[in-house]
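Participant: Okay, here's the structure, questions in a sec.
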Amino acid sequence: MNLVTITLPDGAQREYPVGCTPMDVALSISEGLARNVLAAKVDDKVVDASFEITQNSNLSLLTWNDTDGKQTYWHSSAHLLAEALEALFPGVKLGIGPPIQYGFYYDVDFGDYKFTDADFDKLESKMRELAKTNSAFVRQEVSKSDAITYFEEKGDPYKLDLLKDLEDGSITFYQQGNFTDLCRGPHIPHTGHIKSIKILSTAGAYWRGDEKNKQLTRIYAITFPKKSELDAHLEMLEEAKKRDHRKLGKELEIYTFDDDVGPGLPLWLPNGGAMIEALESYAKKVEREGGYERVKSPHIARESMYLKSGHLPYYKDSMYPPMEIDGVNYYLKAMNCPHHHKIFAATPKSYRDLPIRLAEYGTCYRYEQSGELFGLMRVRSLQMNDAHIYCTEAQFEEEFQNVNALYLKHFEKFGIEKYVMRFSKHDPARLGEKYIDMPELWIKTEAMVRKVLDKMGVNYVEVEDEAAFYGPKIDIQVYSAIGREFTLATNQVDFAQAERFDLFFINEKNEKERPIIIHRAPLSTHERFIGFLLEHYAGRLPVWLAPKQVIVLPISDKYAAYGDEVVKFLKKHDIRASIDHRSEKAGKKIRDAEVSKTPYMLIVGEKEAEANSVSVRMHGGTDLGLMELQQFADRIIDEAKL
RNA sequence: GCCGAUGUAGCUCAGGGGUAGAGCGUUUCCUUGGUAAGGAAAAGGUCAGGGGUUCAAUUCCCCUCAUUGGCUCCA
């Protein structure tokens, strides 16, 4: 008998007959393992547990504890969902049903039927019923013509659309119970593994992600092998809700929206104002040290400027419509760059002046689609931590590197550990349409950017067709504590606008030369950054950022006057302090201060008043005991240092 | 912009064809207390806005606005 050598993840090698399956291997190890095997990885390819191994291979058996195991499990669950849908709603047309980070979805065309939350229970029960049949997922290779015939007979236009792009010889069907789907696989051995099922939500989703196509109903769901895991997952979702910046923003009175002001136009409450001030002080300090100069520009500009910059043709739809003044169109600025370019151009520049770094917390207005608005993360008015660096080609590398270093410095300050730099490049096919038509410059600047990234040794990914219209960019993706991904900051190279604005400096040879421009906004916008920080810190902001750093809690009205003195003293030291004058008991005041997430509570009563001191309690309950007032102030000043 | 859901007091929510309720918060009074909720009373709502059906609409229907889960988009 012919044998194959199977190498397991721990390096152990075993011999099995040719044609053995991962399931055979699992059975030979232990029955318990075999019961839990969902799929397998053979030489880094995820396959069914029934895959026939015909050559020497590396094998890992995948269970629920493996990411690929979960993905396979959820993918199979999507098939189960589809089977249940066909049973309950004969004639539904199925789109695609992939696994996602948590769970899976299936895109479905219900025809005239309106699928709603009310159908969730019914669907869940049907899925449970079908899961219990322990139906095996059976793989079958089919020819393209047979596949087309099958779906033509079934009348499934979406599957036929998918088949168009598939090559004959690579097409497989999977069948479980009465349901057959076009699918590459792999799948779990049988439906019996699927025990706990929850339909989560529905949404509209365009077929193939194209808004010109029909919108299908997307059903989101999740499944688990155990009920306890489903419960844990649902609890995690609840926890995530508690950290949502929209909830915290309301509870901590950071910002609000008002119908009369308009959608996407946040009003910053005093607590939000304090955060903004803290962030700006920090940014200004760092930028001052980095050789930036601060400028200030108006919120509107004539149409001619945006025609010159080239923004208007590209972004007209997402700018607020123009207002006509004295027969001329003015636009609210959606970006600060053109204003800064004009500031650069205002005075003649020598190569000796470069690099010039112009910084501004500029307020911009973007007419985001109504459906895009999302708390503070997507808004229509935004205060940007903006700056533009004008430098020579020789200076570019160092400048660009410094900007990247600045990003890393900020991440450290805010304890941001999880991030990805996304190097966004142009798509040559879209030159002149989405991207400025200067092919050789694209290639040159992209190479320059890549060089810096490689040199710095930061982790980055390259993506096509994501650049700005005027040059390549680096987007910084960060992940909030609740797993939401954001493009927080961006760092862009611009080789086009200097030409358009006729920006130049006089070089060593007494000739005019174009500067390269770097656009950067490492602290994003106040809106997005504060939204992110609220989630990142779960509302428990570090002292330097906390809108209320200290709250004084007099034990009784008798010590109110002393409490006022304490507040006055702290305010003199630029500490954001306030006092709770309600005639409540200390316990109640402490509770309320805890709920408001104030970092420091100062309890003052008889002994504190006598000793010109305060009893210090930190948020969370740590008791620092009695401290001299000055001693406490020093501590806060030190902690709040930028 | 598109598909779906939601909109009742400052907040979180209950209610339901006969013009409204709770808890928290707020104000006042009592209480003057030592590290996560003391007591009482009061104020507070055109039930998002507009239209329709009805003797009667906050409730049912339609439209608009806003929020929201997604899709598309994001200089």
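The values are calculated or read from the model by the stated rules, or taken from the named source; none is laboratory data. Note that this is a predicted model, so its numbers are computed, not measured. All Cβ positions, glycine included, derive from the backbone under ideal geometry; neighbour counts span all protein chains shown.
Participant: Pairs only if they're at least six apart or on different chains, beta carbon under 8 angstrom, first in the stretch A:368-385 and more than 21 Å from A:Ala203 (Cα to Cα), second within 6 Å of RNA strand B (Cβ to nearest atom) and part of a helix (DSSP H, G or I); list them, first residue then second.
Facilitator: A:Leu376/A:Arg246
Participant: If you go through the stretch A:553-562 one residue at a time, do you hit one that is hydroxyl-bearing (Ser, Thr, Tyr), out of contact with any strand residue (DSSP E or B) (no Cβ under 8 Å at 6 or more places or on another chain) and surrounded by 18 or more Cβ atoms within 10 Å (Cβ to Cβ)? Spell out the reasoning first.
Facilitator: First, pick out the residues of the stretch A:553-562 that are hydroxyl-bearing (Ser, Thr, Tyr): A:556, A:559, A:562.
Next, only the ones that are out of contact with any strand residue (DSSP E or B) (no Cβ under 8 Å at 6 or more places or on another chain) stay: A:556.
Filter once more, so that each one left must be surrounded by 18 or more Cβ atoms within 10 Å (Cβ to Cβ): none.
No - not one qualifying residue is present in the stretch A:553-562.
Participant: Condition first: crowded, with 18+ Cβ neighbours inside 10 Å, over 29 Å from the mean Cα position of the chain (by Cα) and in a helix (DSSP H, G or I). Can you find one or more residues in the stretch A:46-64 that meet it?
Facilitator: There is no residue in the stretch A:46-64 that is crowded, with 18+ Cβ neighbours inside 10 Å, over 29 Å from the mean Cα position of the chain (by Cα) and in a helix (DSSP H, G or I).
Participant: A further question follows. I'd like to know if the stretch A:259-267 contains one or more residues that are away from RNA strand B (no atom under 15 Å from the Cβ), loosely packed, with under 14 Cβ neighbours inside 10 Å and modelled with pLDDT under 95.
Facilitator: no
Rundown of residues vs (1) modelled with pLDDT under 85; (2) surrounded by 19 or more Cβ atoms within 10 Å (Cβ to Cβ), yes/no style:
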| site | (1), (2) |
| --- | --- |
| A:Glu440 | no, no |
| A:Glu446 | no, yes |
| A:Val449 | no, yes |
| A:Asp454 | no, no |
| A:Val458 | yes, no |
| A:Glu462 | no, no |
| A:Asp465 | no, no |
| A:Gly471 | no, yes |
| A:Ile474 | no, yes |
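Participant: Another question about this same structure. Given the conditions (1) of a type in the set (A, V, I, L, M); (2) assigned by TED's automatic domain parsing to the domain that holds A:Ala334; (3) part of a strand (DSSP E or B), report the number of the one that A:Ile530 does not fulfil.
Facilitator: That leaves (3) as the condition not met.
Participant: Sticking with this one: If you take the residues in the stretch A:308-325 that are over 28 Å from the mean Cα position of the chain (by Cα) and exposed (fewer than 14 other Cβ atoms within 10 Å of the Cβ), which one is nearest to A:Ile517 (Cα to Cα)?
Facilitator: Once the filter is applied, the top-ranked residue is A:Pro313.
Participant: Shifting gears a bit: Can you name every residue in the stretch A:619-642 that is touching a strand residue (DSSP E or B) at 6+ places or on another chain (Cβ under 6 Å) and within 11 Å of RNA strand B (Cβ to nearest atom)?
Facilitator: A:Asp623, A:Leu624, A:Leu626, A:Met627
Participant: Looking only at the stretch A:15-26, which residues are exposed (fewer than 15 other Cβ atoms within 10 Å of the Cβ) and either outside any loop (DSSP other than H, G, I, E, B) or of a type in the set (Phe, Trp, Tyr) (or both)?
Facilitator: Passing the criteria: A:Glu15, A:Pro17.
Participant: Residue check, A:Ser228 against (1) more than 7 Å from RNA strand B (Cβ to nearest atom); (2) not assigned by TED's automatic domain parsing to the domain that holds A:Leu162, all met but one. Which one?
Facilitator: So the condition that A:Ser228 fails would be (2).
Participant: Let me ask something additional. Yes or no: A:Ile222 at pLDDT below 90 and aliphatic (A, V, I, L, M)?
Facilitator: no
Participant: Could you say whether any residue in the stretch A:194-211 is within 21 Å of A:Leu88 (Cβ to Cβ) and of a type in the set (Phe, Trp, Tyr)?
Facilitator: Kept after step one, since they are within 21 Å of A:Leu88 (Cβ to Cβ), are these residues of the stretch A:194-211: A:194-205.
From what's left, of a type in the set (Phe, Trp, Tyr): none.
No; the residues of the stretch A:194-211 include none that is within 21 Å of A:Leu88 (Cβ to Cβ) and of a type in the set (Phe, Trp, Tyr).
Participant: It is to be established whether one or more residues within the stretch A:396-404 are at positive phi and buried (at least 17 other Cβ atoms within 10 Å of the Cβ). Write out each step before concluding.
Facilitator: Kept after step one, since they are at positive phi, are these residues of the stretch A:396-404: none.
Within the stretch A:396-404, not a single residue is at positive phi and buried (at least 17 other Cβ atoms within 10 Å of the Cβ).
Participant: Quick check on the stretch A:235-252. Is at least one of its residues away from RNA strand B (no atom under 14 Å from the Cβ) and out of contact with any helix residue (DSSP H, G or I) (no Cβ under 6 Å at 6 or more places or on another chain)?
Facilitator: Among the residues of the stretch A:235-252, at least one is away from RNA strand B (no atom under 14 Å from the Cβ) and out of contact with any helix residue (DSSP H, G or I) (no Cβ under 6 Å at 6 or more places or on another chain), which makes the answer yes.
Participant: Now, a different point. I need a count of the residues in the stretch A:350-395 that are within 26 Å of A:Phe495 (Cα to Cα) and of a type in the set (Lys, Arg).
Facilitator: Count: 3.
Participant: Quick one: which residue in A:Ala387, A:Ala334 is modelled with pLDDT of 90 or more, in a strand (DSSP E or B) and within 16 Å of RNA strand B (Cβ to nearest atom)?
Facilitator: The match here is A:Ala387.
Participant: Determine the pairs where a residue that is at negative phi, located within the stretch A:301-320, has a partner that is of a type in the set (Asp, Glu) with Cβ atoms under 8 Å apart, the partner being 6 or more residues away or on another chain.
Facilitator: A:Leu312/A:Glu303; A:Ser318/A:Glu368
Participant: Which members of the stretch A:181-217 meet the condition of being without any contact (Cβ under 8 Å) to a residue 40 or more places away in the chain, more than 9 Å from RNA strand B (Cβ to nearest atom) and of a type outside the set (D, E, K, R)?
Facilitator: Within the stretch A:181-217, A:Leu182, A:Ser196 qualify.
Participant: Can you tell me which residues in the stretch A:589-609 are among the β-branched types (Val, Ile, Thr) and more than 18 Å from A:Pro542 (Cβ to Cβ)? Walk me through how you get there before you give the answer.
Facilitator: Filtering the stretch A:589-609 down to residues among the β-branched types (Val, Ile, Thr) leaves A:590, A:595, A:598, A:603-604.
A:Ile590, A:Val595, A:Ile603, A:Val604 - these are the residues of the stretch A:589-609 that are among the β-branched types (Val, Ile, Thr) and more than 18 Å from A:Pro542 (Cβ to Cβ).
Participant: Do you know which residues across the stretch A:304-322 are in contact with a helix residue (DSSP H, G or I) (Cβ under 9 Å, 6 or more places away or on another chain) and of a type in the set (Phe, Trp, Tyr)?
Facilitator: A:Tyr306, A:Tyr315, listed by residue number.
Participant: Let me ask another. How do the strands (runs of 3 or more DSSP E) wholly within the stretch A:418-480 filter down when requiring 3 or more residues that are within 17 Å of the chain's Cα centre (by Cα) and among the β-branched types (Val, Ile, Thr): which remain? Break it down into steps so the answer makes sense when it comes.
Facilitator: On the way: elements: A:419-424, A:460-463, A:473-479.
Counting at least 3 such residues, we get A:473-479.
Participant: Continuing with this model, one more query. Can you work out which of the residues in the stretch A:112-144 that are in contact (Cβ under 8 Å) with a residue 60 or more places away in the chain and among the basic types (Lys, Arg) is nearest to A:Pro186 (Cα to Cα)?
Facilitator: Only one residue tops the list, namely A:Arg139.
Participant: Could you give every pair whose Cβ atoms fall below 6 Å, whose first residue belongs to the stretch A:591-612 and is assigned to a helix (DSSP H, G or I), and whose second residue is more than 6 Å from RNA strand B (Cβ to nearest atom), counting only separations of at least 6 or pairs across chains?
Facilitator: Note: pairs meeting the criteria are A:Ala593/A:Ile551; A:Ala593/A:Met601; A:Glu608/A:Val614; A:Ala609/A:Tyr559; A:Ala609/A:Tyr562.
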